[in-house]
């Protein structure tokens with residue numbers, strides 16, 4: 001594994017607070033020292049000045065603007081190329097105005113960085129300026145081969161961006177750029193100022209590709225999709241949308257484009273989101289005390305939640321155990337057993353056991369892309385078969401010893417029918433990673449055994465690149481970086497809005513439960529099978545579909561799905577179908593496609609239906625508008 005200095009011991013630092021949170025508030029010197037887990041008393045939390053550790057920065061409107069700008073510029077410089085590092089950061093803005101006419105606040109959001117407002121509503125924090133992500137330029141000292149394909153792991157949330165690009169050149173002044181790919185979320189953000197938002201950076205050298213992302217609960221001006229290959233916008237408002245590439249999905253979006261001309265353009269529009277629960281968020285109340293707002297689950301919704309003061313509950317920060325890298329699994333579980341909720345502050349956590357979430361309605365919230373890494377084959381997170389648990393903003397990494405799973409919801413062989421449809425277990429912005437910064441090994445990344453689970457934007461990634469140091473290239477990665485299955489859903493009535501799963505060695509997604517509902521599915525098959533025999537099912541079927549619904553399932557629905565092939569290790573490899581499902585009237589696939597990225601072949605889109613995605617049609621999707629048995 002790469003060195004993790006922040007994991008080696010309990011952080012002795014305080015939250016990096018650039019200005020006082022309330023008048024007269026002072027930082028408490030020193031640190032909470034670790035005691036044996038069996039004897040550790042509950043960790044005290046100051047409700048007006050909680051200790052979030054050294055990787056959290058909090059600004060107030062009284063902070064000098066040049067200090068804010070300098071801090072954000074330095075952080076962007078640190079994180080611009082930090083794709084495989086252990087650095088994790090969160091930046092928060094207390095309610096107020098930042099930037100003004102003539103002095104806008106313009107900054108970039110880099111790897112493993114969360115930027116969010118601390119108001120109860122996005123309108124409570126306004127940044128006049130820009131919050132942006134540009135292409136990452138990989139050659140010639142950062143001036144060419146510029147793209148957004150690896151712009152992963154970053155978050156912007158709960159604030160208003162009053163777009164002001166003054167001081168920037170003609171091209172850069174034309175939009176607020178958000179050129180990102182997977183594991184990136186933009187939630188509870190309102191853009192004003194009359195300037196476009198662009199999901200593609202067209203100002204740098206090419207090829208400018210971008211590959212996927214998520215917007216939820218936000219208000220957008222006219223939005224330029226550009227080169228974004230797939231995208232989900234959920235429960236938002238858009239003033240207009242420019243174009244689509246392969247797979248653009250809108251669910252519960254006011255102003256969404258019409259999809260009746262599919263596949264030209266390839267829009268998929270669902271009028272109302274069947275089940276939704278917005279992500280919990282940290283905020284500071286009028287009394288100066290911190291709390292976490294936990295929105296309630298909703299059904300059949302459209303538009304933003306915050307304009308209608310959505311129902312939910314607020315949990316005082318004092319009801320949370322605020323974990324830091326170095327805290328033991330036993331200490332975390334002890335606090336959960338005391339009835340505490342859980343916050344993971346930014347950092348990388350070595351998890352050598354299982355964090356057991358047994359109490360209904362427990363909230364687990366990660367700050368700054370907090371990352372849990374399995375150690376000695378552990379299953380880092382397990383949720384009992386209880387309703388209402390919410391896990392948000394956490395990344396779970398496979399370790400170098402094979403784990404049976406990275407997260408389980410409900411026991412594999414338990415009684416998993418105690419769920420509550422009105423209060424589903426929910427995952428918001430939860431990311432799984434197998435490989436990348438180090439070798440990873442897992443049998444199944446995410447196993448869902450409970451009923452009535454809501455998956456709201458996850459990326460489940462067996463790494464196709466990284467710094468593992470494989471001397472044998474892709475073939476060695478195939479034999480060493482083990483990710484057998486991405487997602488297995490055994491529970492009934494499971495809904496997924498934004499399901500991104502890539503590169504696993506058999507099934508990327510295997511759906512065994514009844515009445516599954518998926519809105520936006522994106523998959524890229526593994527790059528690295530060495531031979532056809534390595535990519536053939538036991539019954540002789542060529543390859544594994546990117547999305548499989550098990551035989552015997554009677555009801556299942558998917559809106560907007562794509563499976564891509566790029567067998568660069570052995571371009572002769574063939575996959576029979578991108579999707580396989582039972583041939584029964586209750587199983588319905590709407591707006592699905594396959595595409596060849598330059599190597600390998602997918603013979604059909606679904607169950608022998610649809611065109612062949614091979615090298616004669618590189619980059620040309622093979623669409624099936626509707627399929628059911």
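What follows draws every value from the coordinates through simple rules; no lab data is involved. Given the structure is predicted, the values throughout are model-derived calculations rather than measurements. Using ideal geometry, Cβ is built from the backbone for each residue, glycine included, and neighbour counts are taken over all protein chains shown.
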For the range 482-629, share of DSSP beta bridges that run antiparallel, in % to the nearest 5: 20 percent
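Per DSSP H run of n ≥ 4, the term is -39500 (n - 2.57); total these for the chain, divide by its residue number, and report the mean residue ellipticity at 222 nm rounded to 500 deg cm²/dmol.
-1500 deg cm²/dmol
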Extended-chain gain in nm, criterion 0.36 nm per residue less alpha-carbon gap, residue 402 and residue 334: 21.9 nm
Rg in Å to one decimal, and Dmax rounded to a whole Å, for the range 554-629 via C-alpha atoms: 12.5, 38
q = 0.11, 0.12 Å⁻¹: log10 I(q)/I(0) that the Debye formula gives for the chain, counting C-alpha atoms only: -1.04, -1.27
Kirkwood Rh in Å, taken over the range 318-628 so that all alpha-carbon pairs contribute: 19.7 Å
Shape box of the range 427-478 [Cα atoms, principal axes, largest first, Å]: 44, 19, 13
Kirkwood hydrodynamic radius over Cα pairs of the range 202-347, then Stokes diffusion coefficient at 25 °C and 0.890 mPa s, in µm²/s: 136 µm²/s
Zone residues, the range 268-287, relative to residue 318, backbone N less than 14 Å from point 7 Å out along Cα-to-Cβ: 287
Antiparallel bridge percentage (DSSP; both residues within the range 318-628; nearest 5): 10 percent
Stokes-Einstein D (µm²/s) once Rh is taken as the Kirkwood radius of the range 64-271 over alpha-carbon pairs, at 10 °C in 1.306 mPa s: 93 µm²/s
Dimensions in Å of the range 81-161 - Rg and Dmax from alpha carbons: 14.6, 45
